[in-house]
Structures are given as C-alpha cells and as structure tokens.
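These notes are about the structure you will find just below.
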Amino acid sequence: MNLTFSVVFVTVSERQLLTKKHMDPGPGQESVWDYPRPPRLESCDSLIQIFEGEVTIAETNNSFRVLETSHPPVYYLPPQDVRMDLMRVSNHGSFCEWKGHAHYYSLVLADRLIPNAAWTYESPSVGFEQIAGFLAFYPSKVGACYVDGEQAEPQPGDFYGGWITKNIVGPFKGGPNTLGW
C-alpha cells in the first residue's frame, strides 16, 4: 500500500503574529487562543452526530476533544459509535508532531465515495493513547456535523478538521486573517 504524508510546522514568530489578532470570548465561549500548545486531550460527553444526507454516519456521547492553540476542537469518536461498514481504509496518511502518524478512511455510500473523510491514530504518541483507533471527521467532507444539536462549521483550509460552533471564537488557523494558513 502506498501512503502519502503531509507535515505542517508553525514557527514562533508566526504564532506571535497570529495571537495579536485574537478575539475575546464572550460568556459561555472559548477562545482557541486560550487552548494549550502542546494540545490537550479531554473527554467529551456532548452529543456528537455526523450525517451524510439521510444516513447517520456516527452518533456518540463518548468522544474526546483535542484542543490546540489557534484550532477549533477536533472530535475523536469511538469506532463502535461509527458506521464502520461505510468506512474503507485509504492509502493517505499524515503526521502530527503531537499525535504521531495518522491513517485515513474514505466514506463509501451507495451512490458515491468521499475520499479521506476521516482519520485515526492507531498508535498515537504519549499523552494521546486514549484516542487510539478513534475516528475524527472533516466537517467539510460530510453533509453535517453536530455538537449537542448545533451544526458545526468546518475549520477553513480543509487540512486541520476543526469544528466551529457558536461557543468557539478565533481567528482560526487556516482562515482569513491568519497569514494564509
């Protein structure tokens, strides 16, 4: 199997420039600029739902969020709460300096294939062992992703896979006013 990998690094000077543009969170909101670097893994009991058209791809109250400076949260779902019968291993891969090597899944539906819709870390780095085998989905590649009934917007740029909801403020890595990331 041929694997392709992508690696992105952020310099300290780029990070300093980005933080000067950060928005202050309102009541009940979180700023991605208050998230740590290196990222933090935390359990999440919010209802996470993923749909493609009328098909429920995943539904769980037992996920993890990865929180990292400048990124909206990425949700990792246990495979037993994902329609794994619709997922096919892809030959794509990537490397995260914090979590390690990721492997991707394509979503196979009756009428189409959605390449690299989700990824997983089978053997994540120290500190992220709890998400081993869990799947994260790009909200930009599936029909809709929800957090407690609110539809999430995809993180701009189609690389990082963060989920933006009304309680998360940026600016976000990958979006406008972020040095073109």
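Laboratory data are not the source of any read-out in this text; all were calculated from the coordinates shown. Please read all numbers here as calculations on a predicted model, not as lab measurements. Glycine gets a Cβ as well: all are built from the backbone with ideal geometry, and neighbour counts include every protein chain shown.
What the table below lists for this structure:
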{"read-out": "Whichever residue in the stretch 148-169 is closer than 13 Å to LEU47 by Cβ and out of contact with any Asp or Glu (no Cβ under 9 Å at 6 or more places or on another chain) and, among such residues, is surrounded by the fewest Cβ atoms within 10 Å (Cβ to Cβ)", "value": "GLY149"}
{"read-out": "Selected residue (only one of ILE114, ILE131, ILE57 is surrounded by 20 or more Cβ atoms within 10 Å (Cβ to Cβ), over 15 Å from the mean Cα position of the chain (by Cα) and over 14 Å from TRP163 (Cα atoms))", "value": "ILE57"}
{"read-out": "Any hit, the stretch 79-97, residues being buried (at least 22 other Cβ atoms within 10 Å of the Cβ) and assigned to a loop (DSSP other than H, G, I, E, B)", "value": "no"}
